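In what follows, a single structure is set out as structure tokens and then discussed.
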């Protein structure tokens with residue numbers, strides 16, 4: 001999982017206490033695990049993100065109580081700690097050929113699914 005503690009240490013003053021950092025790290029790991037972030041990129045422009053999102057947006061409504069007693073939501077934590085980009089740090093992107101435009105949900109193949117190209 002993505003380690004966000006260096007980001008929390010380096011980018012906030014006064015420093016976020018270690019116990020709160022670790023609670024945020026655990027919550028963040030849960031969000032990434034259950035939210036299943038994905039990235040689609042164009043194969044001819046590997047540095048250019050075409051689309052990125054979470055598979056399950058319900059994780060953003062989860063709440064957690066921090067060691068200091070503060071109750072936070074996943075969405076609020078990602079906003080306050082500027083962690084939206086961190087959701088995608090360790091995601092392996094899927095590459096598409098130039099000119100191929102279709103809905104990502106339709107691009108998934110499942111066992112037993114028929115293909116338009118099977119009969120060619």
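The values are calculated or read from the model by the stated rules, or taken from the named source; none is laboratory data. It should be emphasised that the depicted structure is a prediction, and the values quoted were computed from it without experimental measurement. We place every Cβ from the backbone using ideal geometry, glycine too, and count neighbours over all the protein chains shown.
Among the residues of region 6-23 satisfying the criterion of being in a helix (DSSP H, G or I) and under 21 Å from residue 69 (Cβ atoms), which is modelled with the lowest pLDDT? Only one residue tops the list, namely 8. Tell me which strands (runs of 3 or more DSSP E) are completely within region 52-104 and hold 1 or more residues being modelled with pLDDT of 85 or more and out of contact with any helix residue (DSSP H, G or I) (no Cβ under 9 Å at 6 or more places or on another chain), or say none if there are none. Ranges flagged: 71-73. Do we find a residue being over 13 Å from residue 34 (Cα atoms) and within 13 Å of the chain's Cα centre (by Cα) anywhere in region 56-74? Looking through region 56-74, none of the residues is over 13 Å from residue 34 (Cα atoms) and within 13 Å of the chain's Cα centre (by Cα).
So in region 24-51, with the set limited to residues that are in a strand (DSSP E or B) and under 14 Å from the mean Cα position of the chain (by Cα), which one is modelled with the lowest pLDDT? Residue satisfying both the conditions and the ranking: 49. Can you run down the residue pairs with Cβ atoms below 7 Å, 6 or more apart or on separate chains, where the first is in region 11-39 and more than 23 Å from residue 61 (Cβ to Cβ) and the partner is assigned to a loop (DSSP other than H, G, I, E, B) and modelled with pLDDT of 90 or more? That search, which allows pairs on different chains as well, returns 19/67.
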